[in-house]
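Here the structure comes first, spelled out in structure tokens, and everything after it is commentary.
The values are calculated or read from the model by the stated rules, or taken from the named source; none is laboratory data. Quick caveat: nothing in here was measured; it's all calculated off a predicted structure. We place every Cβ from the backbone using ideal geometry, glycine too, and count neighbours over all the protein chains shown.
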6 protein chains.
Amino acid sequence: MELVTVKLVIPEGANLILGQSHFIKTVEDLYEILVGTVPGIKFGLAFCESSGECLVRVEGNDPELTQAATENANRLAAGHTFNILLKNAFPINVLNAVKLCPEVCRVFCATANPVEVILAQTEQGRGILGVVDGLSPKGVEAEDGKAWRHEILRKFGYKK
Amino acid sequence: MELVTVKLVIPEGANLILGQSHFIKTVEDLYEILVGTVPGIKFGLAFCESSGECLVRVEGNDPELTQAATENANRLAAGHTFNILLKNAFPINVLNAVKLCPEVCRVFCATANPVEVILAQTEQGRGILGVVDGLSPKGVEAEDGKAWRHEILRKFGYKK
Amino acid sequence: MELVTVKLVIPEGANLILGQSHFIKTVEDLYEILVGTVPGIKFGLAFCESSGECLVRVEGNDPELTQAATENANRLAAGHTFNILLKNAFPINVLNAVKLCPEVCRVFCATANPVEVILAQTEQGRGILGVVDGLSPKGVEAEDGKAWRHEILRKFGYKK
Amino acid sequence: MELVTVKLVIPEGANLILGQSHFIKTVEDLYEILVGTVPGIKFGLAFCESSGECLVRVEGNDPELTQAATENANRLAAGHTFNILLKNAFPINVLNAVKLCPEVCRVFCATANPVEVILAQTEQGRGILGVVDGLSPKGVEAEDGKAWRHEILRKFGYKK
Amino acid sequence: MELVTVKLVIPEGANLILGQSHFIKTVEDLYEILVGTVPGIKFGLAFCESSGECLVRVEGNDPELTQAATENANRLAAGHTFNILLKNAFPINVLNAVKLCPEVCRVFCATANPVEVILAQTEQGRGILGVVDGLSPKGVEAEDGKAWRHEILRKFGYKK
Amino acid sequence: MELVTVKLVIPEGANLILGQSHFIKTVEDLYEILVGTVPGIKFGLAFCESSGECLVRVEGNDPELTQAATENANRLAAGHTFNILLKNAFPINVLNAVKLCPEVCRVFCATANPVEVILAQTEQGRGILGVVDGLSPKGVEAEDGKAWRHEILRKFGYKK
């Protein structure tokens, strides 16, 4: 068994959701969940079928995002994993719906940060072990940092 | 710390669900969730208690599946992990109910594929890092592949 | 890429929940979820912001637990991860609410056991690969072990 | 405004789920939810579209149940209500999935009992006010009644 | 068909949750949900079985609340309805878990207010049409009212 | 007890969600849920506080919708009920999140149709019994009707 590190493509302005699922039905169900949750959402998604034809299964309504999600699936090459790239929407808008998709096992990360994926490579295939999602912390917030985040969440209207 | 790879037993015709949980109540709650979701389901499940007596805790209504789930728990030997083997039902039937079980932290995979589990072994114990679930993709679906999966999901009645 | 093992602080009598999320809103939403789920809960939580200021973002209503959660975040130093330490409540009380928090991707573990976290360290940052949650099993429960757990779950009132 | 009472058809051996929803997409989503939750489920469902063509929209995989659900929709004639009739499955198997269908507002009842529905009839249309689901209680369980239900839930395997 | 109004008993300091369910398993599942969500919760609950023996089925861990819930079930006498009375906990702590109980159809109200229930009485039985939960509004909040509620939610720690 | 029928205001292009909840925290939680689910959503919401000051509690980010929701609350005058009016979004986008709001008991309807609400008026206050949501059906869909709805759901991208 060998450890492999892969960097994912996240087009400018897009967010990534990376997960593990269990069936080709995933691609159509995630398509419908995304379209049904945010009007005007743009996305591409790709799923690594891991038996039978073993094809990367692809859906989306935006060519650039769909192509990038396909590229990510090819780089990952890990059975039953999926990735979604989205624009005009944020992970917070869709994440509960994605988690409750009946084929989804787990979500590794949801982010606009640079992402490195750590995988195990065996003779059989590949599996995701974890992700490096953005940078490590440089310190602990002080009072001014608390005030800033309290304010920005209200400025964006996320919190009352 | 050492990395270990373990292959799991999946009896012919069965599916596996592998997860992390936090309490011995898991075994009775998962039992009730499985029985309550699919009439006629056959299953075995095993959970690695990780304090006190540190016993593999076992439930099920099918001896072969229960024995295989116990064998998997012994191979994994990772605290607070569980595995379910099921027949007469598929992961899609039960996965949301399993994910909403109040002791379940996460589901690593749900599959009928051969599964290799990557674990960390320390002096203290063991933890699952990830899974190789089936094979890596061999290509990207073309139009005929899209047509095939669209049709098969409808032939099985899963999608309209 | 290098593998790193980190031990987490769990104060006497506390439980830990360790997860992956995607946004600084996590800290306020988890605060509200915890306060809204168990009256009298005591907790501290910390989240590793992974872009911009890259600060550990902290909330809580108990200074010792908040300080310990901050210490855990510093030890982990893995972008978009969070940890919660709680008293006067158990993970089973809050875990479904935490899993349904709209920013939460996944929960790695929920436990009062000693926890070792396996991380990947790259030039970019760090990511959690998995956890060793308590000890490995020492055997399989026999009839007396089954009877004991059946009884104790009913003695504590968890099951009828 | 006038109050109207309507009796619903429940074929021998079937169960009824009666609810309120908000969009014609309901019929396809409920179809997929039912097929995806219990292998071998037989069902019919009907939804009262309440604008545009105002047609009863129908799906199912069993002609008798589909016809009976259509008959129920015609008797109810209440905008945005739906009813499902199912065999080879019980409401407990599918109810959480139905409640989490993104178009479903609420479920009035889930039962194999005779059902009378109380509706309001106005010039505009009709709305469900409530249901009489089976019979009124004849007393309070004594110790033998408690023992009986405790035992029967375990005899059927529903509870441990 | 006749309309009936019934006042429910809510002991001093208790809250009521009133709902519709579909099976005697409800009483044990709600018991376990309540115990599993808030440590130290005190409650009583009663469910109107509506076929077979047609008994009020009762659970709880507090005699006064259990007796009051039984009295409420007798007053309601409506098939497949349940009521929970709770202390040391508030509806907000348990409501999502109650709604996700696999037998629960819907929750009519959750309140510490005086409650009047409007029922339909037919020859067959009774059904809940709705509830009067407390008093009607006396006006619309002005700026000082907004400020008061904003402050009190933060004073109680519910919101940040 | 008297039955009352009330028509609700739904501004041109808006959708209505009508529900029952249990606490003034509802207004802030629904605000955050709506903002967090659809970027650019416009809405107003109003909740009938039913004890203490008994004020209609109001939130929103669009003056016209907020004023209309307030008007609806005044017309309803039913304790612990709420209504949401939304634009730039549809009920399907937000309904699961609203149903999982920890204070929400039930949703009566979600619609752009004309809505009549049937209420009970007692000396104590008022309660919603049901809704007439749009028109009654005029017939059952034939093959051409089935084909139309199948096509339109795919034309809008809602279904694959």
**Q.** Output for the range C:31-45, where each listed residue is in contact with a strand residue (DSSP E or B) (Cβ under 7 Å, 6 or more places away or on another chain) and β-branched (Val, Ile, Thr)
**A.** C:ILE41
**Q.** Members of the range B:149-160 that are more than 7 Å from every other protein chain (Cβ to nearest Cβ) and either crowded, with 21+ Cβ neighbours inside 10 Å or assigned to a loop (DSSP other than H, G, I, E, B) (or both)
**A.** B:PHE156
Q.
When you scan the range B:117-136, do you find a residue that is modelled with pLDDT of 95 or more, over 22 Å from the mean Cα position of the chain (by Cα), within 7 Å of another protein chain (Cβ to nearest Cβ) and farther than 23 Å from A:VAL98 by Cα, even just one?
A. yes
Q.
Please go through the range D:17-47 and give me each residue that is closer than 23 Å to F:THR111 by Cβ and in a strand (DSSP E or B), ordered by number.
A. D:ILE17, D:LEU18, D:GLY19, D:GLN20, D:LEU45, D:ALA46, D:PHE47
Q: For the range B:96-116, name all the residues that are touching a residue at least 12 places away in the same chain (Cβ under 8 Å) and within 30 Å of E:VAL98 (Cα to Cα).
A: B:ALA97, B:VAL98, B:CYS101, B:PRO102, B:GLU103, B:VAL104, B:CYS105, B:ARG106, B:VAL107, B:PHE108, B:CYS109, B:ALA110
Q) With respect to A:THR66, is the statement that it is more than 26 Å from C:VAL107 (Cβ to Cβ) and surrounded by fewer than 23 Cβ atoms within 10 Å (Cβ to Cβ) true? A) yes
Q.
For the range E:93-115, which positions are under 12 Å from the mean Cα position of the chain (by Cα) and within 7 Å of chain F (Cβ to nearest Cβ)?
A. E:LEU95, E:ARG106, E:VAL107, E:PHE108, E:CYS109, E:ALA110, E:THR111, E:ASN113, E:PRO114
Q | Residue satisfying all of: in the range D:75-92; outside any loop (DSSP other than H, G, I, E, B) and at the interface with another protein chain (Cβ under 7 Å from one of its Cβ atoms); farthest from the chain's Cα centre (by Cα) among these | A | D:ILE92
Q.
When you check F:LYS146 against the structure, is it in a loop (DSSP other than H, G, I, E, B), surrounded by fewer than 23 Cβ atoms within 10 Å (Cβ to Cβ) and basic (Lys, Arg), yes or no?
A. no
Q.
Going through C:ASN88, C:ASN74 one at a time, which residue ends up being polar (S, T, N, Q), in contact with a Phe, Trp or Tyr (Cβ under 9 Å, 6 or more places away or on another chain) and surrounded by fewer than 24 Cβ atoms within 10 Å (Cβ to Cβ)?
A. C:ASN88
Q | Condition check for C:VAL56: more than 7 Å from every other protein chain (Cβ to nearest Cβ), part of a strand (DSSP E or B) and either buried (at least 19 other Cβ atoms within 10 Å of the Cβ) or in contact with a strand residue (DSSP E or B) (Cβ under 7 Å, 6 or more places away or on another chain) (or both) | A | no
Q: Name the residue, out of F:VAL56, F:VAL27, that is closer than 28 Å to D:ASN96 by Cα and of a type in the set (A, V, I, L, M).
A: F:VAL27
Q | Subset of the range B:61-74 that is within 22 Å of C:HIS150 (Cα to Cα) and over 14 Å from the mean Cα position of the chain (by Cα) - its residue that is farthest from the other protein chains (Cβ to nearest Cβ) | A | B:PRO63
Q: Please determine, by comparing only the residues of the range E:1-48 that are free of Cβ contacts under 8 Å to residues at least 60 places away in the same chain and charged (D, E, K, R), which one is farthest from the other protein chains (Cβ to nearest Cβ).
A: E:GLU12
